[in-house]
Amino acid sequence: MKSISLKCVLIACVVMLFSCAKEKKYFEVTGLAQGTYYRVVYEGTENLKPVFDSLLAEFDTVFSVYYDQSMISRINANDSSVRINDEFRYFFQKSQYVSKITDGAFDITVAPLVNAWHFGPDTTKHSIPTQVQIDSIRQFVGMDKISLRGNRMVKTDPRVTIIGNAIAQGYSSDIIAHYLDSLQVKNYLVDVGSEMRSKGKNSQGNVWTIGITRPEENIDSIPLEDRYDIAIALDNKSLATSGNYRKFYYEGKHKYAHTINPKTGHSEPSNLLSATVLANECIEADAIATACMVVGLEKSKEFFAKHPEYDALLLYAQGDTIAKYKTSGIILK
């Protein structure tokens, strides 16, 4: 994966040169990125927070829709001078791939529909779009309406816009992990907004263990140590969780969640509360977890039966209780 700039590789070489004689220990580095947190635990000789901050800031210049001059914002604004880089190309190719294997459930062109339901940048008001409005927007939603031609993004309609929110945190976890790989770090856990990638063992010499947040609407008001009922092993894998228990609103008695089906244009009712996906790359785990929330429980089960290269823990409502479905590769701790 071409996701580390020459500048970062040079930084890595300098870090290795000046730290090779120092004793290794486990560092825990935290910070803010993409409107959330990041946390990196790794065995090394130096505190790499300045490098992590630089990598994540550089990532935002490509993928942040909240930054007017980012590459993705300029593409959405139909800036004809934009020339895509390797990071964006990889993002697009992975988006195409996951869209294909999920039969269109994952779609980075869903942005106009997300905005119509007020789950985009403007969340100050909530109103339900009419079917006429949805049908009008769906005319310029679909992966078939965008393509790459050389180093340019081509749209069939200038109203097509793209969003990376459902894949960006996972991708940025991969980028930090690949940077650590370039330093030959053998043990680490990268966590960007709960999208994670692990390698090796923790400081106790054990496989990394990850707590899965209970999918309850008021979970953020519960003390952190009480939010987890389930823990799973993350052994040289990536993990991402998507759920409909944080971003939602009510109109009357009806709950509308932030995951919009790109095919129907609607926020679909579902008893699937959260989907945790394990994959080799976090960019894929993140995208597939989102697709699960789009299609619901039964179709998600069908997907993982067809794609044993991925594993999943699906938490769903069963009466007044939360039930779970897991594939064979999920090891509960």
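Working out 0.36 nm times the residue gap between ASN271 and TYR66, then minus their Cα-Cα distance, what length gain in nm do you get to one decimal? Can you show the working numbers first?
Working: separation 205, 0.36 × 205 = 73.80 nm, distance 3.16 nm.
Answer, rounded to one decimal: 70.6 nm.
Applying a 10 Å radius around every beta-carbon, put 293-301, 64-72 in order of their mean neighbour count, most first.
On the way: 293-301: 20.9, 64-72: 16.6.
Result, highest mean Cβ count within 10 Å first: 293-301, 64-72.
Taking 7 Å along the Cα-to-C-beta vector as the label spot, tell me the LEU32-GLN204 distance in nanometres, rounded to one decimal.
3.2
I need the phi-derived Karplus couplings for the range 129-141: 6.51 cos²θ - 1.76 cosθ + 1.60, θ = phi - 60°, integer Hz, Gly and Pro marked x.
Result, rounded to whole Hz: x, 6, 5, 4, 4, 4, 4, 5, 5, 4, 5, 10, 10.
Return the ratio Rg/(2.2 N^0.38 Å) for the range 6-326, where Rg is computed over Cα atoms only.
On the way: Rg = 20.0 Å, N = 321, 2.2 N^0.38 = 19.7 Å.
Cα Rg divided by the expected 2.2 N^0.38 Å: 1.02.
Can you tell me the mean projection area, over all orientations, of the convex hull of the range 142-189's alpha carbons? Units nm², please. Walk me through the intermediate numbers first.
Details: hull surface 20.1 nm².
For the Cα atoms of the range 142-189, the hull's average projected area reads 5.0 nm².
Stretch THR156-ASN236 to full length: gain in nm at 0.36 nm per residue minus the Cα-Cα span? Walk me through the numbers on the way to the answer.
Numbers: separation 80, 0.36 × 80 = 28.80 nm, distance 4.02 nm.
Using 0.36 nm per residue and subtracting the Cα-Cα distance, I get 24.8 nm.
Can you put SER274, SER73 in order of Cβ neighbours within 10 angstrom, beginning with the fewest? Each step should come with its number before you reach the end.
Working: SER274 23, SER73 20.
Fewest-to-most Cβ neighbours within 10 Å comes out as SER73, SER274.
Give me the distance between the Cα centres of the range 26-105 and the range 264-333, rounded to whole Å.
Taking the Cα centre of the range 264-333 as reference, the centre of the range 26-105 is 24 Å away.
From the cross-link list LYS49/LYS186; LYS155/LYS326; LYS24/LYS324; LYS49/LYS324; LYS155/LYS306, which pairs have alpha carbons spaced over 29 Å apart?
Details: LYS49/LYS186 18 Å; LYS155/LYS326 39 Å; LYS24/LYS324 40 Å; LYS49/LYS324 37 Å; LYS155/LYS306 32 Å.
From LYS49/LYS186; LYS155/LYS326; LYS24/LYS324; LYS49/LYS324; LYS155/LYS306, over 29 Å: LYS155/LYS326; LYS24/LYS324; LYS49/LYS324; LYS155/LYS306.
Over the range 266-332, one equal point on each Cα, no solvent: what is log10 I(q)/I(0) by the Debye formula at q = 0.22 Å⁻¹?
Calculated log10 I(q)/I(0) at the listed q: -0.90.
Regarding the range 89-162, what's the average projected area of the Cα-atom convex hull, expressed in nm²?
Working: hull surface 22.1 nm².
Over all viewing directions, the range 89-162 projects a mean Cα-hull area of 5.5 nm².
Could you compute how fast the range 83-122 diffuses translationally, taking Rh as the Kirkwood radius over C-alpha pairs and applying Stokes-Einstein at 20 °C with viscosity 1.002 mPa s? Give it in µm² per second. Don't jump to the answer; show the numbers that get you there.
Numbers: Rh = 11.4 Å.
Answer from the Stokes-Einstein relation: 188 µm²/s.
The numbers here are math on the coordinates, done by the rules we state, and not lab data. Everything quoted here is computed from the prediction, not taken from an experiment. Every residue, glycine as well, gets a Cβ built from its backbone with ideal geometry; the counts of neighbours run over all protein chains shown.
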